Amino acid sequence: MNDMKELNKSVTDRSVQFVWIGLQKTSRDEWQWSSGEPALYLNWATGQPEGRDDCAGMRNGQWNDLRCTDNRYFICYNTNTGLVLVNQLKSWRDAQSYCRQNHTDLVSMRNQNENQQVQKIISDNNSTRSWIWIGLFRDSWQWSDQSNSSFRYWKTAEPNNQGGDDNCTVIDPNAQGQWNDIRCINQYPFVCHEDKLILIKENLTWSEALRYCRQNHVDLVSVHSEEIQRRVMNVVKQASTAAVWLGLHNYCIMNMWLWLTGEVVCYQNWAPGNGTTPENCKLENRKGAVQSGGDQRWISLPESHKLNFICSRY
């Protein structure tokens, strides 16, 4: 929502009818998580999803597609306290807003173990056995940079495809910056966004990647928080190598992982078997990379491997 405030500041000229943004409709209706993570793990009940509805609920550990306007209980995820079942009846969008304002986001599940944890929270606290909102939704609208942001700010009754091929999106400055679907051939002013992270699709060693970033941008990226990890996850999907270098290196003498900023790794997203045991530095120093597929977790690799890499612009 802070991004919308900044965007609205850019389009307050009332003489401007509409302003293009990077949201467009595609031919694919894809299920994705509210958090922006790709929906790699799915646990639909038999015969689901039926294809009629665009939000997902959970009951008895399995998922159904449901109408997003239905009022249901829901589960938030909080990075500090874990899972929180909220016994308030809300629509999916209102539940998403509540979770983001009071916790982190609607819950997402990456594997069967996480699904079972959510199921236990529900069975322990939901005596009505009703459907519970989770953070999975379906949408054919996608951002031009391929990011997975689930934020939408449509005007009432939009998108309506009134022209029959209204496959692009504009901001209406005369409607508090809300969005309208419109024909892509129309001509309007537009807003550009420069990401603070950039994926470089050159295959370089860690030291070469570091030199490149410092000469052309600022540095190899340091991932200090879940928020930055989500940005990294959006960027690495476009990589041409199985892993992508981060600004993460192992300090062998102390057996510690450090960011290039000199900070110790507090927020962690290691893949199993990586980063938590002493590294063997006798042959070659170890550096940190993020997987470009799967759960996009961090792995330890010899620094001579040649990979894509992410530079930061700040």
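No lab work stands behind these numbers, since they all come straight from the coordinates. No experiment lies behind these values; they were computed from the predicted model shown. Methodologically, a virtual Cβ is constructed for each residue, glycine included, from the backbone with ideal geometry; neighbour enumeration extends over all protein chains shown.
Most simply put, region 197-312 has about 90% antiparallel DSSP beta bridges, counting only bridges with both residues inside it.
Each peptide in 274-284, 86-96 receives the mean, over its residues, of other Cβ atoms within 10 Å, and ordering these scores from highest gives 86-96, 274-284. Size of region 197-312 from its Cα atoms: along the principal axes, largest to smallest, the extents are 32, 26, 24 Å.
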